[in-house]
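Here is the structure we will look at, set down as structure tokens.
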Amino acid sequence: MTAEQKIVEFVSRTNFEQIPAKTLKVIRNQVLGVIGTTNAGATADGCETLYNLTRELGGKEESTILIHGGKVPAEKAAFMNAVMARALDFDDALAPGAHLGAAIVPAALAAAELAGGCSGKDLLTAITVGTEVALRFNLGEAEYDGFDPTGVCVILGAAAAAAKILRLSEDETWNALALAFNRLGGSFQSNVDGALAVRVIEGWAAESGVLCARFAGRGITGPRNFIEGVYGYLHLFGRDRISPEAITTGLGEIYNVEKLVFKKYPSCGLTQGSTGVILGLMKEESFGVDDVEHVYVTVPPYTYKLVGHHFQLGANLKVNAQFNIQYCVANALMRKSSKLAHFEEDAIRDSEVLKLVEKVTVISDATLEKRGHTPLDMRLVMKDGREFVKSIEVARGFPGNPLNDEEHRERFQDCLAFAQKPLPAQNIENIMEAVDQMESLEDIRSVIPFILLN
């Protein structure tokens, strides 16, 4: 059996009862987190502009744009909701940089409305299947080599989720994934340059997933050998280093969703460790910001390339700050925490924080690569001559050091507190109850009104 057939059978044949309870718990946290980040990101840079443009372009009223309201073609609703969910970079992620839930959850919700509704069990199943597919197709840093993982593996996950919701046949599901394969792309240069394209790529992943499922449902075909073919996924993106078995081994029996990263702080996953370490040292050693002479942060080359560059004021300040260790460490030192409000323009331009930025030096060291994805060494030099040194292997929220239930709720509440257009308190209670008891919902569309301002 080919890798393609194994993936297709997994997507088409998996049912709710086959999914382990611990896997479903992770997916519920994923859904709750995406709702929170969508609310918080609804008015972020570019989001209202894209919302207005999407409404201007119009089209058949099929699926709902969350928070703002209004219905548009399903793939456009998926696009817009994914852009908002990713806008503040506080959604779930996966090393070395894929953002899954922010595209897969909106794709599944949009497809559910397009399909005329689905049960809570069906939605959870589709999101689980889509997430697992994206995880299976995820590659390493060397294979991506600058491709944005969200624009690669996540599109396949969004297509799988949409195909599942739309109840495509196995042959149609095959074509949906094969068509999605032809949509893969995106560059991490957007992250390095602090461009709004980062959140647009998320939107494209969700949009492509729904659109490819729709095309496949109407008989449009894709390449049958999109994984193992001579110009398939394993060659083009896996660079002939990945075997089919690496994608399919244990499929349907072993779920990898525990590899998801749920960030404790609202910035790039590769800044989580440095933020956590500096906050931990401040608490352990009881020093203040005025006591610090300099901070040295040593990270692997991959981390350095993405978030280790020198921080400068310029366009798209929020994205620049989210993807910069210097700013994240300086912010934590100054404010003794890391909150969404700290990545607003006024907070970023604070002259005292900018002075601290210059006291943070980021160093690239290839020897750290053997320690994992998020290792770092931090050395603080104090004005009185003391030095504090601390190293970590796994940042908080990453596999092996997961958030607890209370921390997940704190992330959700931080999003709601930050939102410029917050959801009503009763809506929030209804959302939390619905997510906790989603398998009992007869029609997931009953939750949509709770994620709207009006």
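The values are calculated or read from the model by the stated rules, or taken from the named source; none is laboratory data. Values in this document were obtained by computation on a predicted structure and should not be read as measured data. For neighbour counting, all protein chains shown are included, and Cβ atoms are generated from backbone atoms with ideal geometry for every residue, glycine included.
Some points to look at:
- Conditions (1) basic (Lys, Arg); (2) within 22 Å of the chain's Cα centre (by Cα); (3) surrounded by fewer than 21 Cβ atoms within 10 Å (Cβ to Cβ): number failed by LYS76: (3)
- Selected residue (criterion: surrounded by the most Cβ atoms within 10 Å (Cβ to Cβ)) from residues of the range 255-288 that are part of a helix (DSSP H, G or I) and among the basic types (Lys, Arg): LYS259
Conditions tested, residue by residue: (1) assigned by TED's automatic domain parsing to the domain that holds PHE287; (2) over 27 Å from GLY140 (Cβ atoms); (3) within 18 Å of the chain's Cα centre (by Cα).
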position: HIS373; (1), (2), (3): yes, no, yes
position: GLY385; (1), (2), (3): yes, yes, no
position: GLU406; (1), (2), (3): no, yes, no
position: CYS415; (1), (2), (3): no, yes, yes
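- When VAL133, VAL129 are screened for being under 17 Å from the mean Cα position of the chain (by Cα), over 24 Å from ASN191 (Cβ atoms), modelled with pLDDT of 95 or more and part of a helix (DSSP H, G or I), only VAL129 passes.
- Subset of the range 339-386 [within 18 Å of VAL295 (Cβ to Cβ) and polar (S, T, N, Q)]: THR361, SER364, THR374
- When the range 331-352 is filtered for residues that are closer than 18 Å to VAL277 by Cβ and assigned to a helix (DSSP H, G or I), the ones remaining, listed by number, are ASN331, ALA332, LEU333, MET334, ARG335, HIS342.
- Of all residues in the range 110-124, those that are assigned to a helix (DSSP H, G or I) have Cβ atoms under 7 Å from Cβ atoms of residues that are hydroxyl-bearing (Ser, Thr, Tyr) and buried (at least 19 other Cβ atoms within 10 Å of the Cβ), 6 or more apart or on another chain, in ALA110/SER63; GLU113/SER63; GLU113/THR64; LEU114/SER63.
- Extreme residue, surrounded by the fewest Cβ atoms within 10 Å (Cβ to Cβ), among residues of the range 178-208 that are at pLDDT 95 or above and either assigned to a strand (DSSP E or B) or of a type in the set (Asp, Glu) (or both): SER187
- Within the range 355-402, the residues that satisfy the criterion of being within 24 Å of LYS264 (Cβ to Cβ), surrounded by 14 or more Cβ atoms within 10 Å (Cβ to Cβ) and among the aliphatic types (A, V, I, L, M) are LEU356, VAL357, VAL360, VAL362, ILE363, LEU368, LEU376, MET378, LEU380, ILE392, VAL394, ALA395.
A quick yes/no check of all residues on (1) of a type in the set (Gly, Ala, Ser); (2) more than 23 Å from TYR255 (Cα to Cα); (3) touching a residue at least 12 places away in the same chain (Cβ under 8 Å); (4) in contact with a helix residue (DSSP H, G or I) (Cβ under 9 Å, 6 or more places away or on another chain):
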site	(1), (2), (3), (4)
GLU132	no, no, yes, yes
VAL154	no, no, yes, yes
ALA163	yes, no, yes, yes
LEU177	no, no, yes, yes
PHE188	no, yes, yes, yes
CYS212	no, yes, yes, yes
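- On the stretch given as the range 353-395, residues that are of a type outside the set (Val, Ile, Thr) and either assigned to a helix (DSSP H, G or I) or more than 20 Å from TYR296 (Cα to Cα) (or both) total 8.
- For the range 15-30, filtering for residues that are crowded, with 20+ Cβ neighbours inside 10 Å and farther than 17 Å from GLY101 by Cα leaves 1.
- Scanning the range 317-341 for residues that are in contact with a Cys (Cβ under 9 Å, 6 or more places away or on another chain) and either among the charged types (D, E, K, R) or farther than 18 Å from LEU306 by Cα (or both) returns SER338, LEU340.
- Hits in the range 422-443 (condition: in a loop (DSSP other than H, G, I, E, B) and either over 19 Å from ALA108 (Cα atoms) or out of contact with any Gly (no Cβ under 6 Å at 6 or more places or on another chain) (or both)): PRO422, LEU423, PRO424, GLN437, GLU442
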